[in-house]
Amino acid sequence: MIDRRSFLRKSAIAGTTLGIASCTPSALRIAEKQLNIQYSSLYLPKLRISLDRVVKETVGLRPYRTIGPRIEKEELGSKTLVHNYGHGGSGWSLSWGSAELAANLVDESWSPKAPLASTAANTLVLPTSTAQKVAVIGCGVIGLTTARTLQRRGYEVTIYTKEMAPDITSSKATGTWSPTHRLIDSDKKTDTFFEQFKQMHQTSFLTYQNMLGLGDKVVWTDTYDVRQDLRAHGDFSRDDKYTLMRVLPKSQLLNKKEHPFKAPTVYRSTSMVFNIPSLLKMYTNDFLRFGGTVKIQEFKRMEDFDALPEKYIVNCTGIGAKEITGDEYLTPISGQLAFVIPQQEVNYRIATKNAYTINRKDGIVVGGTHKMGSWDTTPSREDTERMVLAIKEVADAMYT
Ligand SMILES: Cc1cc2nc3c(=O)[nH]c(=O)nc-3n(C[C@H](O)[C@H](O)[C@H](O)COP(=O)(O)OP(=O)(O)OC[C@H]3O[C@@H](n4cnc5c(N)ncnc54)[C@H](O)[C@@H]3O)c2cc1C
(Lines give C-alpha, C1' and ligand atoms only; values in the text may rest on other atoms or scores of the structure.)
Protein backbone atom coordinates (compact mmCIF):
# COMPACT_ATOMS: atom_id res chain seq x y z
CA MET A 1 0.00 0.00 0.00
CA ILE A 2 1.24 3.47 -0.83
CA ASP A 3 -0.65 6.64 0.08
CA ARG A 4 -1.21 9.49 -2.34
CA ARG A 5 1.27 11.78 -0.63
CA SER A 6 4.18 9.30 -0.66
CA PHE A 7 3.32 8.33 -4.24
CA LEU A 8 3.55 11.97 -5.31
CA ARG A 9 6.76 12.45 -3.35
CA LYS A 10 8.40 9.38 -4.88
CA SER A 11 7.25 10.31 -8.38
CA ALA A 12 8.65 13.82 -7.98
CA ILE A 13 11.95 12.49 -6.74
CA ALA A 14 12.14 9.89 -9.46
CA GLY A 15 11.49 12.64 -12.00
CA THR A 16 14.36 14.74 -10.78
CA THR A 17 16.75 11.88 -10.33
CA LEU A 18 16.47 10.47 -13.84
CA GLY A 19 19.95 11.78 -14.45
CA ILE A 20 21.24 9.73 -11.56
CA ALA A 21 22.21 6.24 -12.59
CA SER A 22 20.21 4.47 -9.90
CA CYS A 23 17.83 5.64 -7.15
CA THR A 24 20.02 4.63 -4.21
CA PRO A 25 18.78 5.73 -0.77
CA SER A 26 21.46 8.44 -0.58
CA ALA A 27 20.52 9.75 -4.04
CA LEU A 28 16.92 9.91 -2.92
CA ARG A 29 17.87 11.85 0.21
CA ILE A 30 19.91 14.37 -1.82
CA ALA A 31 17.07 14.83 -4.29
CA GLU A 32 14.55 15.29 -1.48
CA LYS A 33 16.80 17.88 0.13
CA GLN A 34 17.22 19.76 -3.16
CA LEU A 35 13.48 19.80 -3.68
CA ASN A 36 12.82 20.61 -0.02
CA ILE A 37 10.11 17.97 -0.09
CA GLN A 38 8.06 17.56 3.05
CA TYR A 39 7.91 13.95 4.17
CA SER A 40 4.81 14.23 6.32
CA SER A 41 2.01 11.80 5.75
CA LEU A 42 -0.12 13.63 8.34
CA TYR A 43 -2.95 15.54 6.72
CA LEU A 44 -4.38 18.54 8.53
CA PRO A 45 -7.16 20.59 6.90
CA LYS A 46 -5.84 24.03 6.09
CA LEU A 47 -6.98 27.06 8.06
CA ARG A 48 -8.71 29.59 5.85
CA ILE A 49 -7.58 32.60 7.78
CA SER A 50 -7.58 36.20 6.61
CA LEU A 51 -8.62 39.59 7.90
CA ASP A 52 -11.84 39.60 5.84
CA ARG A 53 -12.96 36.42 7.64
CA VAL A 54 -12.79 38.11 11.09
CA VAL A 55 -16.40 38.42 12.30
CA LYS A 56 -15.96 39.52 15.92
CA GLU A 57 -13.33 41.05 18.20
CA THR A 58 -13.49 41.04 21.99
CA VAL A 59 -11.36 42.35 24.85
CA GLY A 60 -11.70 40.73 28.27
CA LEU A 61 -10.09 41.68 31.60
CA ARG A 62 -8.34 38.78 33.32
CA PRO A 63 -8.83 39.29 37.09
CA TYR A 64 -5.17 38.98 38.04
CA ARG A 65 -4.25 38.93 41.70
CA THR A 66 -0.51 39.20 42.28
CA ILE A 67 -0.67 36.92 45.33
CA GLY A 68 -3.05 34.38 43.75
CA PRO A 69 -6.83 33.90 43.88
CA ARG A 70 -8.64 35.03 47.00
CA ILE A 71 -10.59 32.14 48.48
CA GLU A 72 -11.18 33.11 52.08
CA LYS A 73 -13.82 33.93 54.63
CA GLU A 74 -14.61 37.24 56.28
CA GLU A 75 -17.26 38.10 58.90
CA LEU A 76 -19.14 41.23 57.90
CA GLY A 77 -21.55 42.32 60.66
CA SER A 78 -24.30 39.71 60.69
CA LYS A 79 -23.16 38.23 57.37
CA THR A 80 -20.57 35.62 56.52
CA LEU A 81 -18.76 36.57 53.35
CA VAL A 82 -16.68 34.09 51.36
CA HIS A 83 -14.49 35.53 48.61
CA ASN A 84 -13.81 33.55 45.44
CA TYR A 85 -12.19 35.83 42.87
CA GLY A 86 -8.89 36.74 41.22
CA HIS A 87 -8.18 33.73 38.97
CA GLY A 88 -6.22 35.62 36.30
CA GLY A 89 -5.87 33.64 33.07
CA SER A 90 -6.82 30.36 34.75
CA GLY A 91 -10.43 30.91 35.83
CA TRP A 92 -12.01 28.45 33.41
CA SER A 93 -9.44 25.81 34.21
CA LEU A 94 -9.62 26.08 37.99
CA SER A 95 -13.30 27.01 38.40
CA TRP A 96 -14.76 23.72 39.71
CA GLY A 97 -11.99 23.17 42.24
CA SER A 98 -12.12 26.77 43.38
CA ALA A 99 -15.89 26.45 43.78
CA GLU A 100 -15.36 23.44 46.00
CA LEU A 101 -12.94 25.33 48.25
CA ALA A 102 -15.39 28.24 48.55
CA ALA A 103 -18.30 25.86 49.29
CA ASN A 104 -16.19 24.23 52.03
CA LEU A 105 -15.87 27.64 53.69
CA VAL A 106 -19.66 28.09 53.57
CA ASP A 107 -20.15 24.61 55.05
CA GLU A 108 -17.73 25.47 57.87
CA SER A 109 -19.80 28.51 58.80
CA TRP A 110 -23.15 26.86 58.70
CA SER A 111 -24.58 26.98 62.19
CA PRO A 112 -26.34 25.05 63.65
CA LYS A 113 -24.50 22.17 62.04
CA ALA A 114 -26.67 19.73 60.16
CA PRO A 115 -25.87 16.82 57.90
CA LEU A 116 -25.20 18.02 54.39
CA ALA A 117 -26.64 16.56 51.24
CA SER A 118 -24.52 14.39 48.99
CA THR A 119 -21.76 16.21 47.16
CA ALA A 120 -21.62 13.67 44.35
CA ALA A 121 -21.44 15.45 41.01
CA ASN A 122 -24.46 13.80 39.44
CA THR A 123 -26.81 13.83 42.42
CA LEU A 124 -30.02 15.76 41.95
CA VAL A 125 -30.59 17.75 45.13
CA LEU A 126 -33.44 20.22 45.10
CA PRO A 127 -33.59 22.74 47.95
CA THR A 128 -36.02 21.92 50.73
CA SER A 129 -38.12 24.57 52.50
CA THR A 130 -35.61 24.55 55.37
CA ALA A 131 -32.50 24.73 53.17
CA GLN A 132 -29.93 27.34 54.07
CA LYS A 133 -30.02 30.26 51.68
CA VAL A 134 -26.82 31.46 50.05
CA ALA A 135 -26.26 34.48 47.81
CA VAL A 136 -23.65 34.20 45.09
CA ILE A 137 -22.57 37.53 43.64
CA GLY A 138 -21.51 37.25 39.99
CA CYS A 139 -22.61 35.06 37.11
CA GLY A 140 -19.30 34.29 35.41
CA VAL A 141 -17.70 30.86 35.35
CA ILE A 142 -16.63 31.22 39.00
CA GLY A 143 -20.10 32.32 40.19
CA LEU A 144 -21.93 29.62 38.22
CA THR A 145 -19.68 26.76 39.29
CA THR A 146 -19.83 27.97 42.91
CA ALA A 147 -23.61 28.18 42.74
CA ARG A 148 -23.90 24.67 41.27
CA THR A 149 -21.52 23.23 43.85
CA LEU A 150 -23.57 24.77 46.66
CA GLN A 151 -26.80 23.47 45.14
CA ARG A 152 -25.38 19.95 45.06
CA ARG A 153 -24.74 20.28 48.77
CA GLY A 154 -28.38 21.17 49.40
CA TYR A 155 -28.21 24.95 49.66
CA GLU A 156 -30.84 27.22 48.15
CA VAL A 157 -28.91 29.63 45.97
CA THR A 158 -29.69 33.00 44.42
CA ILE A 159 -27.22 34.61 42.03
CA TYR A 160 -27.11 38.42 42.09
CA THR A 161 -25.21 39.93 39.20
CA LYS A 162 -24.62 43.10 37.26
CA GLU A 163 -24.24 41.29 33.91
CA MET A 164 -24.49 37.85 32.35
CA ALA A 165 -23.02 36.10 29.29
CA PRO A 166 -21.96 37.25 26.76
CA ASP A 167 -21.09 40.54 28.49
CA ILE A 168 -18.71 39.09 31.08
CA THR A 169 -15.01 38.22 31.09
CA SER A 170 -15.82 34.51 31.13
CA SER A 171 -17.41 34.89 27.68
CA LYS A 172 -14.27 36.59 26.37
CA ALA A 173 -11.84 33.82 27.27
CA THR A 174 -9.99 31.59 24.85
CA GLY A 175 -11.16 28.41 26.52
CA THR A 176 -8.30 26.06 27.04
CA TRP A 177 -6.88 24.12 29.98
CA SER A 178 -4.38 26.70 31.29
CA PRO A 179 -4.36 26.25 35.08
CA THR A 180 -1.16 28.23 35.72
CA HIS A 181 -1.61 31.06 33.24
CA ARG A 182 -1.27 34.54 34.79
CA LEU A 183 -2.33 33.10 38.14
CA ILE A 184 0.21 34.52 40.60
CA ASP A 185 3.50 36.45 40.66
CA SER A 186 6.25 33.84 40.52
CA ASP A 187 7.89 35.11 43.73
CA LYS A 188 4.61 35.07 45.71
CA LYS A 189 3.96 31.32 45.73
CA THR A 190 3.66 29.98 49.25
CA ASP A 191 3.04 26.45 50.51
CA THR A 192 -0.55 27.48 51.29
CA PHE A 193 -0.96 28.61 47.70
CA PHE A 194 0.37 25.31 46.38
CA GLU A 195 -1.97 23.36 48.65
CA GLN A 196 -4.98 25.32 47.39
CA PHE A 197 -3.75 25.08 43.81
CA LYS A 198 -3.37 21.32 44.08
CA GLN A 199 -6.96 20.91 45.25
CA MET A 200 -8.39 23.28 42.62
CA HIS A 201 -6.35 21.63 39.90
CA GLN A 202 -7.31 18.04 40.72
CA THR A 203 -11.01 18.67 41.22
CA SER A 204 -11.32 20.78 38.09
CA PHE A 205 -9.41 18.37 35.89
CA LEU A 206 -11.58 15.43 36.97
CA THR A 207 -14.80 17.39 36.63
CA TYR A 208 -13.92 18.26 33.04
CA GLN A 209 -13.19 14.60 32.25
CA ASN A 210 -16.78 13.87 33.29
CA MET A 211 -17.98 16.40 30.71
CA LEU A 212 -16.29 14.68 27.79
CA GLY A 213 -18.87 13.27 25.45
CA LEU A 214 -21.57 15.76 26.44
CA GLY A 215 -21.81 16.95 22.86
CA ASP A 216 -18.69 18.97 22.19
CA LYS A 217 -18.67 21.15 25.28
CA VAL A 218 -15.25 19.88 26.35
CA VAL A 219 -12.90 18.22 23.86
CA TRP A 220 -9.28 17.16 23.69
CA THR A 221 -7.24 18.62 20.86
CA ASP A 222 -3.66 18.81 19.57
CA THR A 223 -1.68 22.04 19.43
CA TYR A 224 1.16 22.50 16.96
CA ASP A 225 3.65 25.01 18.29
CA VAL A 226 5.33 26.27 15.13
CA ARG A 227 8.62 28.15 15.51
CA GLN A 228 11.07 29.62 13.05
CA ASP A 229 13.79 29.64 15.68
CA LEU A 230 15.15 26.85 17.83
CA ARG A 231 14.01 28.50 21.01
CA ALA A 232 13.52 26.18 23.94
CA HIS A 233 9.88 25.27 24.31
CA GLY A 234 8.23 26.09 27.64
CA ASP A 235 6.74 22.77 28.66
CA PHE A 236 3.73 23.52 30.92
CA SER A 237 5.83 25.13 33.63
CA ARG A 238 9.38 25.04 34.79
CA ASP A 239 8.25 25.14 38.40
CA ASP A 240 8.92 21.77 40.03
CA LYS A 241 5.84 21.84 42.21
CA TYR A 242 3.56 22.48 39.24
CA THR A 243 5.35 19.81 37.24
CA LEU A 244 4.64 17.27 39.96
CA MET A 245 0.96 17.93 39.43
CA ARG A 246 1.22 17.20 35.71
CA VAL A 247 -1.95 15.76 34.25
CA LEU A 248 -1.27 16.34 30.56
CA PRO A 249 0.97 14.26 28.32
CA LYS A 250 4.38 15.83 27.67
CA SER A 251 4.74 17.90 24.52
CA GLN A 252 6.86 16.35 21.78
CA LEU A 253 9.34 17.76 19.34
CA LEU A 254 8.24 16.43 15.94
CA ASN A 255 10.40 15.40 13.06
CA LYS A 256 9.36 16.74 9.68
CA LYS A 257 7.54 13.57 8.73
CA GLU A 258 5.15 14.16 11.58
CA HIS A 259 3.72 17.56 10.67
CA PRO A 260 2.76 19.59 7.60
CA PHE A 261 4.30 22.92 8.65
CA LYS A 262 7.18 24.71 6.96
CA ALA A 263 9.25 25.47 10.02
CA PRO A 264 12.41 24.13 11.64
CA THR A 265 10.85 23.54 15.06
CA VAL A 266 7.40 22.12 15.67
CA TYR A 267 6.11 20.78 18.97
CA ARG A 268 2.86 18.91 19.47
CA SER A 269 1.01 18.98 22.77
CA THR A 270 -2.44 17.74 23.70
CA SER A 271 -4.89 19.63 25.87
CA MET A 272 -8.54 20.44 26.48
CA VAL A 273 -10.67 23.04 24.73
CA PHE A 274 -13.79 24.45 26.37
CA ASN A 275 -16.60 25.48 24.02
CA ILE A 276 -17.44 28.48 26.13
CA PRO A 277 -20.91 29.58 24.94
CA SER A 278 -22.40 26.09 25.28
CA LEU A 279 -20.74 25.46 28.65
CA LEU A 280 -22.00 28.76 30.10
CA LYS A 281 -25.47 27.96 28.80
CA MET A 282 -25.38 24.49 30.31
CA TYR A 283 -24.20 25.82 33.70
CA THR A 284 -26.93 28.49 33.71
CA ASN A 285 -29.67 26.06 32.64
CA ASP A 286 -28.58 23.51 35.25
CA PHE A 287 -28.57 26.19 37.94
CA LEU A 288 -32.13 27.26 37.06
CA ARG A 289 -33.38 23.68 36.65
CA PHE A 290 -32.16 22.77 40.13
CA GLY A 291 -34.17 25.59 41.72
CA GLY A 292 -31.78 28.55 41.45
CA THR A 293 -32.79 32.16 40.80
CA VAL A 294 -30.85 34.93 39.03
CA LYS A 295 -31.42 38.58 39.94
CA ILE A 296 -29.83 41.51 38.15
CA GLN A 297 -28.33 43.83 40.76
CA GLU A 298 -25.13 45.87 41.07
CA PHE A 299 -23.14 46.27 44.29
CA LYS A 300 -20.82 49.22 44.77
CA ARG A 301 -19.36 48.46 48.20
CA MET A 302 -19.27 45.54 50.60
CA GLU A 303 -21.78 47.34 52.84
CA ASP A 304 -24.35 46.90 50.05
CA PHE A 305 -24.37 43.17 50.86
CA ASP A 306 -26.08 44.02 54.19
CA ALA A 307 -29.39 44.54 52.42
CA LEU A 308 -29.45 40.96 51.08
CA PRO A 309 -31.83 38.52 52.80
CA GLU A 310 -29.17 35.73 52.78
CA LYS A 311 -26.75 35.37 55.69
CA TYR A 312 -24.12 33.59 53.60
CA ILE A 313 -22.67 35.43 50.63
CA VAL A 314 -20.03 34.27 48.16
CA ASN A 315 -18.29 37.07 46.27
CA CYS A 316 -17.48 35.88 42.72
CA THR A 317 -17.22 39.25 41.01
CA GLY A 318 -13.93 38.74 39.14
CA ILE A 319 -12.27 42.05 38.29
CA GLY A 320 -15.42 43.77 39.68
CA ALA A 321 -14.12 42.89 43.16
CA LYS A 322 -11.56 45.68 42.80
CA GLU A 323 -14.21 48.36 43.22
CA ILE A 324 -16.27 46.47 45.80
CA THR A 325 -13.46 45.39 48.14
CA GLY A 326 -10.65 47.82 47.24
CA ASP A 327 -8.29 44.81 46.94
CA GLU A 328 -4.84 46.30 46.29
CA TYR A 329 -3.48 43.06 44.79
CA LEU A 330 -6.13 42.83 42.08
CA THR A 331 -5.38 44.27 38.64
CA PRO A 332 -6.68 43.63 35.12
CA ILE A 333 -4.64 41.99 32.39
CA SER A 334 -6.56 42.66 29.21
CA GLY A 335 -6.65 40.11 26.41
CA GLN A 336 -7.99 40.53 22.89
CA LEU A 337 -9.49 37.80 20.71
CA ALA A 338 -10.40 37.84 17.03
CA PHE A 339 -13.07 35.38 15.88
CA VAL A 340 -12.59 34.01 12.38
CA ILE A 341 -15.48 32.18 10.64
CA PRO A 342 -15.53 28.64 12.09
CA GLN A 343 -14.31 25.63 10.12
CA GLN A 344 -15.90 22.50 11.52
CA GLU A 345 -13.26 20.29 9.88
CA VAL A 346 -10.40 21.97 11.77
CA ASN A 347 -9.71 20.03 14.94
CA TYR A 348 -6.24 21.23 15.85
CA ARG A 349 -4.66 24.40 17.22
CA ILE A 350 -1.68 26.44 16.08
CA ALA A 351 0.61 28.39 18.38
CA THR A 352 3.35 30.63 17.06
CA LYS A 353 5.30 33.62 18.23
CA ASN A 354 2.82 36.06 19.86
CA ALA A 355 -0.37 34.42 18.52
CA TYR A 356 -2.37 31.21 18.84
CA THR A 357 -5.64 29.71 17.63
CA ILE A 358 -8.32 27.67 19.33
CA ASN A 359 -10.68 25.53 17.27
CA ARG A 360 -14.04 26.32 18.83
CA LYS A 361 -17.54 25.74 17.52
CA ASP A 362 -18.22 29.49 17.44
CA GLY A 363 -15.05 30.39 15.57
CA ILE A 364 -11.39 29.91 14.97
CA VAL A 365 -10.41 32.04 17.92
CA VAL A 366 -7.15 33.94 17.53
CA GLY A 367 -5.52 35.43 20.62
CA GLY A 368 -2.25 36.48 22.11
CA THR A 369 -2.36 39.83 23.94
CA HIS A 370 -1.69 40.51 27.63
CA LYS A 371 -1.80 44.16 28.72
CA MET A 372 -1.04 44.43 32.40
CA GLY A 373 -3.09 47.11 34.21
CA SER A 374 -5.22 47.99 31.17
CA TRP A 375 -8.94 48.62 31.77
CA ASP A 376 -9.53 49.40 28.09
CA THR A 377 -12.03 47.00 26.52
CA THR A 378 -12.04 48.57 23.05
CA PRO A 379 -10.62 46.12 20.47
CA SER A 380 -7.52 47.36 18.69
CA ARG A 381 -7.48 46.74 14.93
CA GLU A 382 -3.70 46.77 15.07
CA ASP A 383 -3.66 43.84 17.53
CA THR A 384 -6.15 41.88 15.41
CA GLU A 385 -4.04 42.40 12.28
CA ARG A 386 -0.84 41.40 14.01
CA MET A 387 -2.31 38.18 15.48
CA VAL A 388 -4.30 37.12 12.44
CA LEU A 389 -1.45 37.78 10.01
CA ALA A 390 1.01 35.83 12.21
CA ILE A 391 -1.28 32.78 12.04
CA LYS A 392 -2.02 33.32 8.35
CA GLU A 393 1.68 33.18 7.57
CA VAL A 394 1.96 29.76 9.24
CA ALA A 395 -1.29 28.44 7.72
CA ASP A 396 -0.54 29.61 4.18
CA ALA A 397 2.81 27.84 4.24
CA MET A 398 1.35 24.47 5.29
CA TYR A 399 1.93 21.52 2.99
CA THR A 400 -1.36 20.00 1.92
C1 LIG B 1 -8.51 36.88 26.50
C2 LIG B 1 -8.71 35.93 27.67
C3 LIG B 1 -8.40 34.59 27.50
C4 LIG B 1 -8.57 33.70 28.56
N5 LIG B 1 -8.34 32.39 28.34
C6 LIG B 1 -8.51 31.50 29.33
C7 LIG B 1 -8.30 30.13 29.09
O8 LIG B 1 -8.00 29.70 27.97
N9 LIG B 1 -8.42 29.27 30.12
C10 LIG B 1 -8.75 29.69 31.37
O11 LIG B 1 -8.80 28.87 32.28
N12 LIG B 1 -9.00 31.00 31.61
C13 LIG B 1 -8.88 31.91 30.64
N14 LIG B 1 -9.11 33.24 30.86
C15 LIG B 1 -9.39 33.68 32.22
C16 LIG B 1 -10.85 33.50 32.58
O17 LIG B 1 -11.67 33.97 31.56
C18 LIG B 1 -11.14 34.26 33.89
O19 LIG B 1 -10.24 33.86 34.89
C20 LIG B 1 -12.56 33.93 34.36
O21 LIG B 1 -13.48 34.18 33.32
C22 LIG B 1 -12.94 34.75 35.56
O23 LIG B 1 -14.26 34.39 35.87
P24 LIG B 1 -15.09 35.19 36.94
O25 LIG B 1 -16.38 34.50 37.07
O26 LIG B 1 -14.26 35.42 38.16
O27 LIG B 1 -15.26 36.64 36.28
P28 LIG B 1 -16.36 37.20 35.26
O29 LIG B 1 -16.59 36.33 34.14
O30 LIG B 1 -15.92 38.61 34.99
O31 LIG B 1 -17.67 37.26 36.11
C32 LIG B 1 -17.85 38.20 37.14
C33 LIG B 1 -19.33 38.36 37.40
O34 LIG B 1 -19.49 39.28 38.47
C35 LIG B 1 -20.41 40.29 38.09
N36 LIG B 1 -20.05 41.53 38.78
C37 LIG B 1 -18.87 42.18 38.69
N38 LIG B 1 -18.92 43.29 39.43
C39 LIG B 1 -20.16 43.33 39.99
C40 LIG B 1 -20.81 44.24 40.84
N41 LIG B 1 -20.21 45.33 41.26
N42 LIG B 1 -22.08 43.97 41.22
C43 LIG B 1 -22.72 42.84 40.77
N44 LIG B 1 -22.14 41.96 39.96
C45 LIG B 1 -20.87 42.20 39.57
C46 LIG B 1 -20.26 40.38 36.59
O47 LIG B 1 -21.39 41.01 35.99
C48 LIG B 1 -20.11 38.92 36.22
O49 LIG B 1 -21.36 38.31 36.12
C50 LIG B 1 -9.00 34.17 29.82
C51 LIG B 1 -9.34 35.52 29.98
C52 LIG B 1 -9.20 36.39 28.92
C53 LIG B 1 -9.59 37.83 29.09
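The values are calculated or read from the model by the stated rules, or taken from the named source; none is laboratory data. If you're wondering where the values come from, they're calculated on a predicted model, not measured in any experiment. A quick note on method: Cβ atoms are made from the backbone with ideal geometry, for glycine too, and the neighbour counts reach across all protein chains shown. Calculation scope for accessible area: heavy atoms of the full protein, side chains included, ligands and nucleic acids excluded. Shrake-Rupley method; radii C 1.70, N 1.55, O 1.52, S 1.80 Å.
For ASP306, the solvent-accessible surface computed with a 1.4 Å probe is close to 90 Å², ligands and nucleic acids excluded. If you take all other residues with their beta carbon under 9 Å from the beta carbon of LEU330, and give Lys and Arg +1 and Asp and Glu -1, the sum is +1. Sort the range 138-185 into rounded, prolate or oblate with this rule: let a ≥ b ≥ c be the square roots of the eigenvalues of the Cα gyration tensor; rounded if a/c is under 1.5, and if a/c is not under 1.5, prolate when a/b is larger than b/c, oblate otherwise. Note, shape of the range 138-185 comes out oblate.
Taking amide H as placed 1.01 Å from N in the peptide plane, the amide H of GLU163 sits under 5 Å from that of CYS139, each at least 5 places away or on another chain.
Phi angles across the range 382-397 convert, under the Karplus curve 6.51 cos²θ - 1.76 cosθ + 1.60 with θ = phi - 60°, into 3J(HN,Hα) values of 4, 5, 4, 4, 4, 5, 5, 5, 5, 6, 4, 4, 5, 5, 4, 8 Hz, Gly and Pro given as x. Under 5 Å between amide hydrogens, built in the peptide plane, is the criterion, and for VAL136 it picks out THR158, ILE159, TYR160, VAL314 among residues at least 5 positions away or on other chains. Looking at the range 57-396, the DSSP beta bridges with both ends there are about 65 percent antiparallel.
Annotation for the range 37-93 versus the range 274-321: alpha-carbon center distance of 18 Å. Modelled label positions at LYS361 and GLN209, each set 7 Å beyond Cα in the direction of Cβ, lie 2.4 nm from each other. Distant-in-sequence amide contacts of ALA355, defined by a placed amide H-H separation under 5 Å and a gap of 5 or more residues or a different chain, comprise nothing.
Among residues other than ALA173 with Cβ under 11 Å from its Cβ, the summed charge is +3 (Lys and Arg +1, Asp and Glu -1). Using a simple spin-label model with points 7 Å from Cα along the Cα→Cβ vector, what separation in nm is obtained for ASP286 and THR377? The answer from the label model is 2.6 nm. Applying a threshold of 24 Å to the alpha-carbon distances of LYS46/LYS257; LYS262/LYS353; LYS217/LYS322; LYS172/LYS392; LYS133/LYS188; LYS172/LYS371 flags LYS217/LYS322; LYS133/LYS188 as lying beyond it. Hey, if you put +1 on the Cβ of every Lys and Arg and -1 on every Asp and Glu Cβ in the range 57-396, which of GLY213, SER93, HIS259 ends up farthest toward the positive end of that dipole? Ranked along the dipole, the leading option is HIS259. Net charge in the neighbourhood of VAL346 (other residues with Cβ under 12 Å of its Cβ; Lys, Arg +1, Asp, Glu -1) is +3.
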